[in-house]
Amino acid sequence: MEKNEMENEEKFKKLMRYYFKTLKSANKENEHYVAEVKFSSYYELGCVINEMLKLCILCVDHDVHKTSETDIRTSINLSLILEVVHQLFPLDTFEFLDEIDEMFLKKVQNIKE
């Protein structure tokens, strides 16, 4: 392996450690990964699960009145659901892809031209 390739490989590994934070390996074999979502309490976790279930009920049944049968509150706390989705969104991974683009893909395009 050439010196330049080794340097690129080391830079690539460093970038992966820096950016790939959304999923963490659940075991040594890297067969499964875990996404961490932070909650301030069990109650907040319960609220998020409850809101997601209500949203699913509405999507499946297309009937707002069904929600009132399963829960006292009929409105869905969409901001709570979006907050969890935001925590799961791997923005650092997209940033990493930009770094890969900068390192490798642009060089390949220059070679082809």
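Output the residues belonging to region 41-77 that are among the aliphatic types (A, V, I, L, M) and modelled with pLDDT under 80.
Step one: filter region 41-77 for residues among the aliphatic types (A, V, I, L, M), giving 45, 48-49, 52-53, 55, 57-58, 60, 64, 72, 76.
Correct list: Ile57, Leu58, Val60, Val64, Ile72, Ile76.
Quick one: would you say Glu7 is of a type outside the set (Val, Ile, Thr) and surrounded by 10 or more Cβ atoms within 10 Å (Cβ to Cβ)?
yes
For region 15-43, how many residues meet the condition of being without any contact (Cβ under 8 Å) to a residue 12 or more places away in the chain and either under 20 Å from the mean Cα position of the chain (by Cα) or in a loop (DSSP other than H, G, I, E, B) (or both)? Full working, then the answer.
From region 15-43, those without any contact (Cβ under 8 Å) to a residue 12 or more places away in the chain are 17, 25-34, 39-43; that's our starting set.
Then drop every residue that is not either under 20 Å from the mean Cα position of the chain (by Cα) or in a loop (DSSP other than H, G, I, E, B) (or both), which leaves 17, 25-34, 39-41.
So the answer is 14.
Would it be correct to say that Tyr18 is aromatic (Phe, Trp, Tyr) and exposed (fewer than 10 other Cβ atoms within 10 Å of the Cβ)? It would help to see each step written out before you state the result.
Numbers: aromatic (Phe, Trp, Tyr): yes; exposed (fewer than 10 other Cβ atoms within 10 Å of the Cβ): no.
Against the criterion (aromatic (Phe, Trp, Tyr) and exposed (fewer than 10 other Cβ atoms within 10 Å of the Cβ)), Tyr18 does not qualify.
The values are calculated or read from the model by the stated rules, or taken from the named source; none is laboratory data. In this text, all values refer to a predicted model and were calculated from it rather than measured experimentally. No Cβ is skipped: glycine too gets one built from the backbone with ideal geometry, and neighbour counts run over all protein chains shown.
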